[in-house]
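Since every read-out is calculated from the coordinates, none of them should be taken as a lab result. Keep in mind that what you see is a predicted model, and the values were worked out from it rather than measured. Backbone-built Cβ (ideal geometry, glycine too); neighbour counts: all protein chains shown.
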Amino acid sequence: MEFEKGTIVQLKSGGPAMIVTGQTGDRVECLWYGDVADDVKTGTVPSFCLVEAEIEEVDDR
């Protein structure tokens, strides 16, 4: 499965929302925020483990 850079994804098993930063073959490079402020994590995940995240739009009006 192919994901475009900037797509927000999540592991099929759950977990934090992650941003796709690249893809090589079936390996997807992701970035996400950890539990502590300014704690940015990165990792590479097989594409079959990911789904596009469902993000709720917030109306700030």
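Worth pointing out:
- Spin-label zone in region 11-27 - amide nitrogen under 19 Å from a point set 7 Å from the Cα of Phe48 along the C-beta vector: 11-14, 23-27
- Val40-Arg61 FRET efficiency (beta carbon distance; Förster radius 25 Å; 0.05 resolution): 0.25
- Linear extension gain, Ile8 paired with Tyr33, 0.36 nm per residue minus alpha-carbon span: 7.8 nm
- For the chain, the fraction of alpha-carbon pairs lying more than 14 Å apart is 55 percent, rounded to a whole number.
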